[in-house]
Amino acid sequence: MTVENRELADELFEPAHEQQSAKSISRPAMTYWQDAWKRFLKNKAAFAGLLLIALIILLAVFGPYANNHGYDEQNLARANLPPKVPILEQVGWLGFDGVDNRGIDRYEASGVTDYYWFGTDNLGRDLWTRVWHGTRISLYIAFLAAAIDLLIGVAYGGISAYYGGRVDNVMQRLIEILVGIPNLIVVILLILVLKPGIMSITLAMVITGWVGMARIVRGQILKLKQQEFILASKTLGAKDKRMIWKHLIPNALGPIIITTMFTIPTAIFTEAFLSFIGLGLQPPVSSLGTLINEGYKLLGIYPHMLAFSSIVISVIMISFNLLGDGLQDALDPKMRK
């Protein structure tokens, strides 16, 4: 079969017209993190949780300096005072007018002219200062424990999954041994051996707390190391250290961040529980757990001693869970539209 030779003239060609439909449905180019942030902002509950966490952190840092009362400053002349806040004291049903449940103005009866926004405890210590000082201690313990869990869990899980084989088998058997021991028993035994304090509580929570992070990281890296870009990096001669920390771990950041967000409220609850049963921080140091432990004893007479610390720890737990759920949706590529 032969093709007739024809002269190529301009009239044989037509200009290609731009397709308007493709242009109309295109979206601006964004990085992975920009797209995740945009989707996170659309989640109103998660964004509200982030704002609440930021507000609580600010109050924990600067709240104790809002007045001149120390967290351990005692004065029995002002013991058991109900909350009293300027302006809000005019609205009686709010409970910030300094009147107790028997209808007595305790400030007038005690001759106290200062305002105690959260009231005082049975030793006359200012609860506003103690609540926010205790929140600072609880957040510090939680963030420190979560950071150590993050470092150990990421390193352990990454090495176990990357090398695999006998190394993975030995490391996973160790994790199974730790999982088989009840976490609470390990924490209580360690605190009984060590002197109760911030570092001993943190160390007790870290002993088994990193196991969950290690398992998450291991699962992600087992999936990622089969991808083509890992094979390409190996072909180009990338070292094991670079493969783990420059390629595998950054691509598993989404699940790592989400797991960390759920680790923080768990650590706060564990610290509060230990302090509540008397194995945590010791007086006069305050934390949310010690404040709840002190307040529940007088709940029927002075409910304000328990109310504010309980509200703060509840808001922290809810906010971190909302934030974790929002990040889980925002960092999931399958949720991208």
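For the range 186-195, the set of residues classified as over 18 Å from Met213 (Cβ atoms), in contact (Cβ under 8 Å) with a residue 24 or more places away in the chain and open to solvent by less than 60 Å² (accessible area, probe 1.4 Å) consists of Ile188, Ile191, listed by residue number. Of the residues making up the range 226-276, those that are in contact with a His (Cβ under 8 Å, 6 or more places away or on another chain) and either touching a residue at least 24 places away in the same chain (Cβ under 8 Å) or among the hydrophobic types (A, V, I, L, M, F, W, C) (or both) are Phe229, Ile230, Ala238.
Taking the range 274-292 as the range and being of a type outside the set (A, V, I, L, M) and modelled with pLDDT of 85 or more as the test, the residues that pass are Ser287, Gly289, Thr290. Of all residue pairs spaced 6 or more apart or on separate chains, those with beta-carbon atoms under 6 Å, a first member in the range 150-164 that is under 18 Å from Thr259 (Cα atoms) and in a helix (DSSP H, G or I) and a second member that is open to solvent by less than 30 Å² (accessible area, probe 1.4 Å) and of a type in the set (Gly, Ala, Ser) are Gly153/Ala214; Tyr156/Ala214; Gly157/Ala214. Within the range 108-127, being within 18 Å of Gly95 (Cβ to Cβ) and buried (at least 21 other Cβ atoms within 10 Å of the Cβ) holds for Tyr116, Phe118, Gly119, Thr120, Asp121, Asp126, Leu127.
Selection of the range 303-337 for residues being over 24 Å from Met261 (Cα atoms) and either among the polar types (S, T, N, Q) or modelled with pLDDT under 85 (or both) yields only Lys337.
Quick grid of which residues meet (1) in contact with a helix residue (DSSP H, G or I) (Cβ under 7 Å, 6 or more places away or on another chain); (2) modelled with pLDDT of 85 or more; (3) not acidic (Asp, Glu):
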position	(1), (2), (3)
Leu184	no, no, yes
Leu189	no, no, yes
Val206	yes, yes, yes
Ile221	yes, yes, yes
Gln227	no, no, yes
Ser233	yes, no, yes
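Number of residues in the range 248-264 that are more than 18 Å from the chain's Cα centre (by Cα) and either crowded, with 19+ Cβ neighbours inside 10 Å or of a type in the set (S, T, N, Q) (or both) equals 4.
Listed by position, the helices (runs of 4 or more DSSP H) inside the range 20-81 whose residues that are at pLDDT 85 or above and open to solvent by 60 Å² or more (accessible area, probe 1.4 Å) number at least 1 are 32-42, 44-62. Here Asp105 meets each of (1) surrounded by fewer than 18 Cβ atoms within 10 Å (Cβ to Cβ); (2) touching a residue at least 12 places away in the same chain (Cβ under 8 Å); (3) touching a strand residue (DSSP E or B) at 6+ places or on another chain (Cβ under 9 Å) with one exception, condition (2). Checking the structure you have, find out if any residue of the range 166-185 is open to solvent by less than 50 Å² (accessible area, probe 1.4 Å) and touching a residue at least 60 places away in the same chain (Cβ under 8 Å). No, the range 166-185 contains no residue that is open to solvent by less than 50 Å² (accessible area, probe 1.4 Å) and touching a residue at least 60 places away in the same chain (Cβ under 8 Å).
Scanning the range 108-149 for residues that are in contact (Cβ under 8 Å) with a residue 60 or more places away in the chain and within 30 Å of Gln172 (Cα to Cα) gives Ile141, Ala142, Phe143, Ala145, Ala146, Ile148, Asp149. Scanning the range 221-242 for residues that are assigned to a helix (DSSP H, G or I), open to solvent by less than 60 Å² (accessible area, probe 1.4 Å) and closer than 14 Å to Tyr163 by Cα returns Ile221, Leu224, Ile230. Given the condition acidic (Asp, Glu), in contact with a helix residue (DSSP H, G or I) (Cβ under 7 Å, 6 or more places away or on another chain) and open to solvent by 50 Å² or more (accessible area, probe 1.4 Å), answer yes or no: does some residue in the range 280-299 qualify? Among the residues of the range 280-299, at least one is acidic (Asp, Glu), in contact with a helix residue (DSSP H, G or I) (Cβ under 7 Å, 6 or more places away or on another chain) and open to solvent by 50 Å² or more (accessible area, probe 1.4 Å), which makes the answer yes.
Please verify whether Leu144 is modelled with pLDDT of 90 or more, assigned to a helix (DSSP H, G or I), out of contact with any helix residue (DSSP H, G or I) (no Cβ under 7 Å at 6 or more places or on another chain) and surrounded by fewer than 24 Cβ atoms within 10 Å (Cβ to Cβ), treating the condition exactly as stated. So Leu144 fails the test.
The values are calculated or read from the model by the stated rules, or taken from the named source; none is laboratory data. Remember, it's a predicted structure, so these values are computed and weren't measured experimentally. Positions of Cβ are backbone-derived with ideal geometry, glycine not excepted, and every protein chain shown enters the neighbour counts. What goes into the accessible areas is simple: the full protein's heavy atoms, side chains included, and nothing from ligands, DNA or RNA. Shrake-Rupley method; radii C 1.70, N 1.55, O 1.52, S 1.80 Å.
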